[in-house]
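**Q** Here it is, the structure, as structure tokens.
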């Protein structure tokens, strides 16, 4: 039965090539892509780096969470910690203002090692947490994340304790200073696009399909001969790779890193970003990140301009998140899709009525 | 007990040996050689007692958390906020009435009502959706944290212990010998001993209520198979509301207790939540004896860690959690 079902599935949906996939994109995709590429010509440096580039970096970390949650059914809170560890390693192995700890490796060895070690850490956390199921994962990963936070806070020999590292500069490579606004924007845009494409590709590859199978029915997948645990750990590895790359970008963006970067607040914020954007599509985390960054940057001014206490923006975030979770479990994407569906249905009804009336 | 010894002879032997060594360490007079390698006995004993009383506090918080989780599969990440709310409330009531017991009672009742509201207004409508419930509790914890910051500001508060519980008490353990051969006895704050005693009473009462009463039977049946319990005609929603109220109330009560021998400030909610998470992961999710064992282990690990290896204290707790997850992923005391 199951095999017959799979056969039909494969016949009706042949695997499409990348060209076909690009050709199938709608206008919205091309408009967004063009807007992002041409952004430096339109936006001021503040908007370019502080808003869009920052949202892209946070979006990448949230994307790694979305990949695990959306395709694997694993809600992991450890992704921000993976990013934080990668950032710390860039500071420790590379150069920073804390010269007594930093090893001053050149960036082309420090960054790959940082990404590798952080990915390994994410994989190990995954291996620990997949041993238990479902909602336990969120507790175990939260505990791992907070252990990392308290370790960085208390440890002065490696992580330099409360103050962390500052003066971490993006490299100068190919004659371009990647710390400048426009190059840094294109760097983050490039990395985010790669990560986005990789998630879409993996979600359609046999591995991604098997992962979605383990999400929907782990026992049946196990009965079909798939190693469920191995698939979940591999999903952690892939997601941690994205988060680690984003962590390197994050430390280059902030130029400093401290325990607060991967504290309990940011760890939970990543989940909020991913859920508010929507866990069903890879574009969701980026939308969520943009909303989050806009809210963080402008909530104070907006609240004060309408006569409220500007310090209560955390309350605003909490209420907004609660409303999204209560009324639209698939986030802003879900709201958007429902509106579009309603609009389309309304148009169909109108068209139908008109056609009926005009027929002879 | 004898069953355990028969099934796990080696483990029983190790546990008995460890307990014997511990008892000997507590009651013996330490030789200078031991003091050189382990530090002074007074430091060891106070770490031990601080760890046990901290474990008592963690037990109060985590038992509510694990009960709610076991019955409703609801990971209540707002549990730390309930703790902090109870603590602040207890502080206000204590300042107003001057009675510590009134503070305990009011904190328990009001936070229990908050728990009832949470269950009736929110979680009842999303039964079986684990992730959504957890996300709602995250939203609630952010809102609570900001409301509490709004109401009480960023200052540190401490609940005043009542007159009859203040001051030190002498314990029958010698910490050192004076030159004339007279033993110096250990002194310890009475309030901490009272809290330990209170936690043990609460634990025993909870065990009795769960194992010897009809309601407890319903709760245990619900933990094992919620759907089947509901199919036998029990009004399972009522049981849920009661358990949520009791678990939340315990968190509020623990807030007053924690506010008495520690302090209350923003951020304490997350710290307590994380400790309860580790306690529940180590002890086994949904199990009250597990919460007791886990709380004791985590409390002792935190105190001994901060005395003997200050920079890696957190890592000790964490290593214990990882070891438990690696050997017994379901927790030390869980049946499944």
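None of the figures in this text is laboratory data; all of them are computed from the coordinates on show. Keep in mind the model is a prediction, meaning the values are calculated, not measured. In this analysis, Cβ positions are derived from the backbone assuming ideal geometry, glycine residues included, and neighbour counts consider all displayed protein chains.
**Q** Using Cβ counts within 10 Å as a stand-in for footprinting exposure, how do B:268, B:127 rank, fewest first? Walk me through the intermediate numbers first.
**A** Working: B:268 23, B:127 15.
Lowest to highest Cβ neighbour count: B:127, B:268.
**Q** While we're on this one: Which three extents, in whole angstrom, do the alpha-carbon atoms of chain A cover along their principal axes, largest first?
**A** Dimensions of chain A along the principal axes of its Cα atoms: 86, 57, 44 Å.
**Q** Moving on to the next point. Using the count of nearby Cβ atoms within 10 Å as a rough guide to exposure, how do A:82, B:120 rank from fewest to most?
**A** Listed from fewest to most nearby Cβ atoms, that is B:120, A:82.
**Q** Now for a different question. For the protein assembly as shown, what does the helix formula give at 222 nm: sum of -39500 (n - 2.57) over DSSP H segments with n ≥ 4, over the residue count, nearest 500 deg cm²/dmol? Please report the intermediate quantities before stating the final value.
**A** Numbers: 29 runs with 496 residues, N = 696.
Here the helix-only value at 222 nm equals -24000 deg cm²/dmol.
**Q** Plugging the Kirkwood radius over Cα pairs into Stokes-Einstein for the range B:96-145, at a temperature of 37 °C and a viscosity of 0.692 mPa s, what D comes out in µm²/s? Please list the in-between numbers first.
**A** Working: Rh = 12.6 Å.
It comes out at roughly 261 µm²/s.
**Q** If you look at just the Cα atoms of the range B:225-291, how large are its Rg and its Dmax in Å?
**A** Answer for the range B:225-291, Rg first and Dmax second: 15.5, 46 Å.
**Q** Once the principal axes of the Cα atoms of the range A:86-164 are found, what is the range along each, listed largest first in whole angstroms?
**A** So the extents along the principal axes, rounded to whole Å, are 43, 27, 12.
**Q** For the range B:52-89 and the range A:38-115, what is the centre-to-centre distance using only Cα atoms, to the nearest Å?
**A** Distance between centres, Cα-based: 34 Å.
**Q** Average projected area of the Cα convex hull of the range A:151-213, in nm²? Intermediate results must be reported in sequence, preceding the final value.
**A** Numbers: hull surface 31.0 nm².
Directional mean of the projected Cα hull area for the range A:151-213 stands at 7.8 nm².
**Q** Then there is this: What does the highest-first list of A:107-119, A:32-44, B:99-111 look like by mean Cβ count within 10 Å? Mind dumping the intermediate values first?
**A** Details: A:107-119: 18.6, A:32-44: 12.5, B:99-111: 20.5.
With the highest mean Cβ count within 10 Å placed first, the list reads B:99-111, A:107-119, A:32-44.
**Q** Measure nothing fancy, just the Cα-based angle from helix A:264-277's long axis to the longest principal axis of chain A, in degrees from 0 to 90, nearest 10.
**A** With rounding to tens, the tilt is 20 degrees.
**Q** Something else now. Evaluate peptide B:130-138: per residue, the Cβ atoms of other protein chains within 10 Å of its Cβ; return the mean as an integer. Before the final figure, lay out the partial values.
**A** On the way: counts 5, 10, 4, 2, 6, 11, 4, 2, 11.
Taking the mean over all residues of the peptide, I get 6.
**Q** Over all directions, the average projected area of the alpha-carbon convex hull for chain B comes to how many nm²?
**A** Numbers: hull surface 78.6 nm².
About 19.7 nm², averaged over all directions.
**Q** I need to check one value: relative contact order of the range A:35-315, counting alpha carbon pairs closer than 8 Å and at least 6 residues apart, in percent.
**A** Values: 447 pairs, mean separation 98.7, N = 281.
The value is 35 percent.
**Q** Another question, then. Work out the mean other chain Cβ neighbour count within 10 Å for the residues of B:301-314 and drop it here as an integer. Kindly include the intermediate steps, with their values, before the conclusion.
**A** On the way: counts 0, 0, 0, 0, 1, 1, 0, 0, 0, 1, 8, 3, 3, 10.
Partner-chain Cβ atoms within 10 Å, mean over residues of B:301-314: 2.
**Q** Post the alpha-carbon centroid distance, the range A:145-213 to the range B:271-336, in whole angstrom.
**A** Going from one Cα centre to the other spans 31 Å.
**Q** Quick one: helix B:41-72 against the long Cα principal axis of chain B, what's the angle to the nearest 10°, folded into 0 to 90?
**A** So the inclination is approximately 10 degrees.
**Q** For chain B, find the longest principal axis of its Cα atoms and tell me its angle to the long axis of helix B:9-27, 0 to 90°, nearest 10.
**A** So the helix axis and the longest Cα principal axis differ by about 60 degrees.
**Q** Computed over the Cα atoms of the protein assembly as shown, what is the ratio Rg over Rh, Rh following Kirkwood?
**A** Details: Rg = 27.9 Å, Rh = 27.8 Å.
So for the protein assembly as shown, dividing Rg by the Kirkwood Rh gives 1.00.
**Q** If you rank A:240, A:146 by fewest surrounding Cβ atoms within 10 Å, what's the result? Intermediate results must be reported in sequence, preceding the final value.
**A** Details: A:240 31, A:146 25.
Ordered by Cβ neighbours within 10 Å, fewest first: A:146, A:240.
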